[in-house]
1. Just the residues that are closer than 12 Å to Asp56 by Cβ and over 15 Å from the mean Cα position of the chain (by Cα), please, taken from segment 70-86.
2. Among what's in segment 180-193 and is assigned to a loop (DSSP other than H, G, I, E, B) and open to solvent by less than 20 Å² (accessible area, probe 1.4 Å), pick the residue that is farthest from Leu14 (Cα to Cα).
3. Which number in (1) part of a loop (DSSP other than H, G, I, E, B); (2) at negative phi marks the one condition that Gly219 misses?
4. Go through segment 19-34 and report how many residues are more than 16 Å from the chain's Cα centre (by Cα) and more than 18 Å from Glu84 (Cα to Cα).
5. For Asp199, work out the one condition from (1) crowded, with 17+ Cβ neighbours inside 10 Å; (2) over 22 Å from the mean Cα position of the chain (by Cα) it doesn't fulfil.
6. Hey, which of the strands (runs of 3 or more DSSP E) in segment 50-143, taking only ones fully inside, have at least 1 residues that are within 12 Å of the ligand (Cβ to nearest atom), closer than 23 Å to Asn33 by Cα and open to solvent by 10 Å² or more (accessible area, probe 1.4 Å)?
7. How many residues does segment 25-49 contain that are away from the ligand (no atom under 16 Å from the Cβ) and either within 19 Å of Ala112 (Cα to Cα) or surrounded by 16 or more Cβ atoms within 10 Å (Cβ to Cβ) (or both)?
8. When the residues of segment 174-185 are narrowed to those that are of a type outside the set (A, V, I, L, M, F, W, C) and over 20 Å from Gly22 (Cβ atoms), which ends up modelled with the highest pLDDT?
Amino acid sequence: MQIPIVAPNEAAKLAAEYKERGFNTLKLKVGKNLSSDIEVLKAIRLVHPDCLFILDANEGYTANEAIEVLEKLNEMGVKPILFEQPVHRDNWEGLRHVSQVAKGEYGVSVAADESCRSLEDAKRIIEGNLAHVINIKLAKLGVLGALDVIEVARAAGTELMIGGMVETRLAMGFAGHLAAGLGCFKYIDLDTPLLLSEDPVLGGYEVTGAVYNFTDSSGQGGFLHWDGIC
Ligand SMILES: [Mg+2]
């Protein structure tokens, strides 16, 4: 589950709730302000001490700031399992540098999300060793585009993540089916329907904490709740 950019007490409240619901990995949105990002992380650890972290900077840091965050976390004894999109999407050299230091000094993998919006981007990332993981989103790449990126990444041994935009259970269910069918994703980040106050899609996959169960019903399995649609 993800924790948006909020004050430390708010983040701790969410983390405690997610812990209760069985989430042991939290994705922390960072990148706005380095020192408040660290404060948020400290607050979360107090309520969820064994929590694993994925950091997602959404392009928000400079390369130096991204490395500084890793340094600070290292001092605190925290090793994120992944550091997503630390720098601006077009900062290829920065991405390469952060990836090199993150892995070499701290053993942390870096994922390209916004930097990988096409097959061309994927090839550039793979050939230039710019990141260790590529985040596949169907809304970003399209289904066929995603399959092309997946193919080149798998051939090169680049790890894969599957994520999404703010999506309903319809799109997320489709992405989940794809992930379950292909079985090649190391990181699964398909939580956005859990953040929606209302979802017009009923049925489909079943959710128990962080585990999704897919039924063998035809198609995606879900259907639209027509009453709620104007
Ligand atoms: Mg991201």
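1. Of everything in segment 70-86, nothing turns out to be closer than 12 Å to Asp56 by Cβ and over 15 Å from the mean Cα position of the chain (by Cα).
2. Selected residue: Leu190.
3. The number of the failed condition is (2).
4. 4
5. Of the numbered conditions (1) crowded, with 17+ Cβ neighbours inside 10 Å; (2) over 22 Å from the mean Cα position of the chain (by Cα), the odd one out for Asp199 is (2).
6. In segment 50-143, the matching strands (runs of 3 or more DSSP E) lie at 52-56.
7. Looking only at that region, the number is 9.
8. Ranking the qualifying residues of segment 174-185, first place goes to Gly183.
The values are calculated or read from the model by the stated rules, or taken from the named source; none is laboratory data. If you're wondering where the values come from, they're calculated on a predicted model, not measured in any experiment. Reconstructed Cβ throughout: ideal geometry from the backbone, glycine too, with neighbour counts over all protein chains shown. Only protein heavy atoms, including side chains, enter the accessible area calculation; ligands, DNA and RNA are left aside. Shrake-Rupley method; radii C 1.70, N 1.55, O 1.52, S 1.80 Å.
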